[in-house]
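These notes are about the structure you will find just below.
The values are calculated or read from the model by the stated rules, or taken from the named source; none is laboratory data. What you see is a predicted model, and the numbers here were worked out from it, not measured in a lab. Quick reminder, even Gly has a Cβ in these numbers, built from the backbone with ideal geometry, and neighbours come from all protein chains shown. When the accessible area is computed, the model is the full protein with side chains, heavy atoms only, and any ligands, DNA or RNA have been set aside. Shrake-Rupley method; radii C 1.70, N 1.55, O 1.52, S 1.80 Å.
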Amino acid sequence: DVKVTQSSRYLVKRTGEKVFLECVQDMDHENMFWYRQDPGLGLRLIYFSYDVKMKEKGDIPEGYSVSREKKERFSLILESASTNQTSMYLCASSPTGTGYNQPQHFGDGTRLSIL
Amino acid sequence: AQSVTQLGSHVSVSEGALVLLRCNYSSSVPPYLFWYVQYPNQGLQLLLKYTTGATLVKGINGFEAEFKKSETSFHLTKPSAHMSDAAEYFCAVSVQGAQKLVFGQGTRLTINP
């Protein structure tokens, strides 16, 4: 079965820290995505990647960066965490070079609190 | 650019009643439409999708949705609600050539016993 694994379910960090969120998929998918989910705002795309070492900005990339050194792994980095980055973060993956008609498969999310 | 509007951030129905969750989209080209469900403390799971062909799409857990181009809608229905249907539901749209999905704001479904 399809599996997207996020390294932490809950994470508490302090303002100014550099934070790493890790995501691994076992489906050999080309596309990987990072979203943040906030009440009333739905899912907003932060960054996505359609190949190793490739990345594209989503709708809200400010304050974030990403890394994709291997096909199965996609990392989200908060360069200097701030309280307004407290949120639920969801990783997803999808097959094929253009995932427009393919469903995305989601991890269980990381609930990140910045104090 | 595409967009999705889900009408009603919170819907409450009685067990056994009809479930209707509304989704309207905006797209200048033919859309691909998805419904996802999110149970508490979990990620999103695909319920159903419309790409091309039959406009009435059946999904898992007894849900279905109908693509109506004239109304730019893709409403989700289930004839008889079950307690286990309590969750948050997201509608999403994509188009050919796009690399990403655009999600609606979500609708939280509550089932009353």
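Values computed for the structure shown
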{"quantity": "Index of the failed condition, B:SER14 passing every other in (1) at pLDDT below 95; (2) surrounded by fewer than 13 Cβ atoms within 10 Å (Cβ to Cβ); (3) hydroxyl-bearing (Ser, Thr, Tyr)", "calculated": "(1)"}
{"quantity": "So A:LYS55, is it within 14 Å of A:GLN25 (Cβ to Cβ), open to solvent by 70 Å² or more (accessible area, probe 1.4 Å) and among the basic types (Lys, Arg)", "calculated": "no"}
{"quantity": "Any hit, the stretch A:15-23, residues being buried (at least 21 other Cβ atoms within 10 Å of the Cβ), on the phi > 0 side of the Ramachandran plot and within 14 Å of another protein chain (Cβ to nearest Cβ)", "calculated": "no"}
{"quantity": "Candidates B:PHE74, B:PHE63, filtered to the one that is open to solvent by less than 20 Å² (accessible area, probe 1.4 Å) and within 17 Å of B:GLN105 (Cα to Cα)", "calculated": "B:PHE74"}
{"quantity": "Residue identified as closer than 30 Å to A:SER7 by Cα, loosely packed, with under 13 Cβ neighbours inside 10 Å and either more than 14 Å from chain A (Cβ to nearest Cβ) or polar (S, T, N, Q) (or both) among B:ASN112, B:ASN41", "calculated": "B:ASN41"}
{"quantity": "Within the stretch B:44-53, tally of residues that are more than 7 Å from chain A (Cβ to nearest Cβ), outside any strand (DSSP E or B) and open to solvent by less than 70 Å² (accessible area, probe 1.4 Å)", "calculated": "1"}
{"quantity": "Out of B:TYR25, B:TYR36, sole residue that is open to solvent by 10 Å² or more (accessible area, probe 1.4 Å) and either modelled with pLDDT of 95 or more or within 14 Å of chain A (Cβ to nearest Cβ) (or both)", "calculated": "B:TYR25"}
{"quantity": "In the stretch B:87-108, residue surrounded by the fewest Cβ atoms within 10 Å (Cβ to Cβ) [restricted to those that are more than 7 Å from chain A (Cβ to nearest Cβ) and of a type in the set (Gly, Ala, Ser)]", "calculated": "B:ALA87"}
{"quantity": "Per-region count, the stretch B:61-113, residues touching a helix residue (DSSP H, G or I) at 6+ places or on another chain (Cβ under 8 Å), assigned to a strand (DSSP E or B) and closer than 15 Å to B:PRO30 by Cα", "calculated": "2"}
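One line per residue, one yes/no per condition, for (1) on the phi > 0 side of the Ramachandran plot; (2) modelled with pLDDT under 95; (3) not aromatic (Phe, Trp, Tyr):
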| site | (1), (2), (3) |
| --- | --- |
| A:PHE74 | no, no, no |
| A:ILE77 | no, no, yes |
| A:SER82 | no, no, yes |
| A:MET88 | no, no, yes |
| A:SER93 | no, yes, yes |
| A:PRO103 | no, yes, yes |
| A:LEU112 | no, no, yes |
